[in-house]
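Following: one structure in structure tokens, then a few remarks.
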Amino acid sequence: MRVVVADDQTEVRLALRLLLESQQMRVVGEAAGMKELFTQVWGQLPDLLLLDWELPHSLSQQELISSLRLLSPHMRVVALSSHMEARQPALKAGADLFISKGSPPNKLIRALQSFTAARA
């Protein structure tokens, strides 16, 4: 599975990369901001995007996800946030899944493994 990780915090991107790589998932790109995010999705055509829901941008969340999916139509989007109240807006905007940044890592891994199994 080809993954792009988008978060403005270097430590979070690194932790997610290490977690994903420990599960034999390939991180093909990272983004700290919107310009990088669009460049990575366009250039890498990932299967999965881990998207920090609070990543600063000028589009509405729904426009953001729609625009990214135009670049990579088969891509799944997992919204990540420290704020549980972001769950409903993220799902309503088109995210396939919402995971709290406070959740144990194994919850994220189980969810991503279900995406992998669905693609097989």
Assess whether Ile109 counts as being of a type in the set (Val, Ile, Thr), surrounded by fewer than 17 Cβ atoms within 10 Å (Cβ to Cβ) and not in a strand (DSSP E or B). yes
Residues within the range 44-63 that are surrounded by 14 or more Cβ atoms within 10 Å (Cβ to Cβ) and within 20 Å of Lys101 (Cα to Cα), tallied: 10
Scan the range 84-109 residue by residue and report those that are over 26 Å from Ser22 (Cα atoms) and of a type outside the set (S, T, N, Q). Met84, Glu85, Ala86, Arg87, Pro89, Ala90, Leu91, Lys92, Ala93, Gly94
Taking the range 64-84, which residues are exposed (fewer than 15 other Cβ atoms within 10 Å of the Cβ) and of a type in the set (A, V, I, L, M, F, W, C)? Leu70, Met84
Of the residues Gln40, Gln62, Gln44, Gln88, which single one is modelled with pLDDT of 95 or more, over 14 Å from the mean Cα position of the chain (by Cα) and of a type outside the set (Phe, Trp, Tyr)? Gln88
Note: among Val41, Val77, just one is assigned to a helix (DSSP H, G or I) and either under 17 Å from Lys101 (Cα atoms) or touching a residue at least 24 places away in the same chain (Cβ under 8 Å) (or both), namely Val41
Could you check the range 85-100 and list, in sequence order, the residues that are crowded, with 16+ Cβ neighbours inside 10 Å and assigned to a helix (DSSP H, G or I)? Ala86, Arg87, Pro89, Ala90, Ala93
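The values are calculated or read from the model by the stated rules, or taken from the named source; none is laboratory data. Please read all numbers here as calculations on a predicted model, not as lab measurements. With ideal geometry, Cβ positions are generated from the backbone for all residues, glycine too; neighbour counts draw on all protein chains shown.
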